[in-house]
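Have a look at the structure below, then the notes.
The values are calculated or read from the model by the stated rules, or taken from the named source; none is laboratory data. These figures come from a predicted structure and were not determined experimentally. FYI the Cβ positions are ideal-geometry reconstructions off the backbone, even for glycines, and counts take in every protein chain you see. These area figures cover heavy atoms from the full protein model, side chains too; ligands, DNA and RNA do not enter into them. Shrake-Rupley method; radii C 1.70, N 1.55, O 1.52, S 1.80 Å.
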Amino acid sequence: AVRHLRAAGYEVIVVDNRGCGRSSTPWRPWTTRRMARDAVAVLDQLGVERAHVAGASLGGMIAQEIALECPDRVSKLVLSSTSGSFRRLDLVPRKGLLHLFEVTLRLLRPASDPERRVSDFLCTIASEDFAAQCRSGDEAWDTVAAMLEDPASQRGLALQLLACMRHSTWSRLPQLSMPVQVHHGSQDTLVPLAAGRELAQRIPGARFELHEGAGHGLFERTEEVGESVIAFL
């Protein structure tokens, strides 16, 4: 995403949320609304009054809260592989809940071998076929490997997952008035496709982009997604 946006002439601000990367991990639990305020604080620090805001998965939940809490700061909103909450059990099949539990255990207890960690992560966020074919030197593999150089701690990951589970914006989404684009992969096993469709339906005028064969990270459709986002912006 960063590569595509920079090539198109955009300045890109990427934030390590609290609890991951090089940001600190507070001891007390937090919410996606608190994380949204963190992101707005970054914009304040950089002197950016208004920006396009994009987020995927948990980042998409944070992006929703930024747009709802500070609509004057958001020009356009891009949401990928995300949901208004996980409290709508009708949108999450039983098999999906089991997979989410398995993924959580895998992330909390990562493999000791660096290559195995990258492979496990790809199996989590990409389709089975894509993950099996991905190798060191591929853009997706190297992206994940770079991210895992600064991994979230177990506590940071657990508190981020808690924030994700507490997130709820379904009833507030109709308040959004800026242009919104929603992306979702047909093979997303973490956030079901039904949740992505529902998200777009709740937002007035939102454009929904379905990516056939793509998993949670949309790595299988990098070029397609990048071109679509730039055309939208």
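Some observations on this one:
- The three principal axes of the Cα atoms in region 139-233 give end-to-end lengths of 39, 33, 23 Å, sorted in falling order.
- By DSSP, the beta bridges lying fully in the chain are antiparallel in about 0 percent of cases.
- Qualifying GluC sites (Glu not before Pro) in region 189-233, where qualification requires a DSSP coil assignment and no more than 15 other C-beta atoms within 10 Å, comprise GLU212.
- Carbon/sulfur fraction of accessible area - the chain, other protein chains in place, 1.4 Å, %: 51 percent
- When you filter the GluC sites (Glu not before Pro) in region 113-173 for DSSP loop state and at most 16 other Cβ atoms inside 10 Å of their Cβ, you are left with GLU149.
- For the chain, the relative contact order comes to 26 percent (Cα pairs under 8 Å, sequence separation of at least 6).
- Less than 5 angstrom separates the built amide H of ALA54 from those of VAL78, all sequence-distant by 5 or more or on a different chain.
- Loop chymotrypsin sites (Phe, Trp or Tyr not before Pro), region 1-91 (other Cβ atoms within 10 Å of the site Cβ: 11 or fewer; DSSP): TRP27
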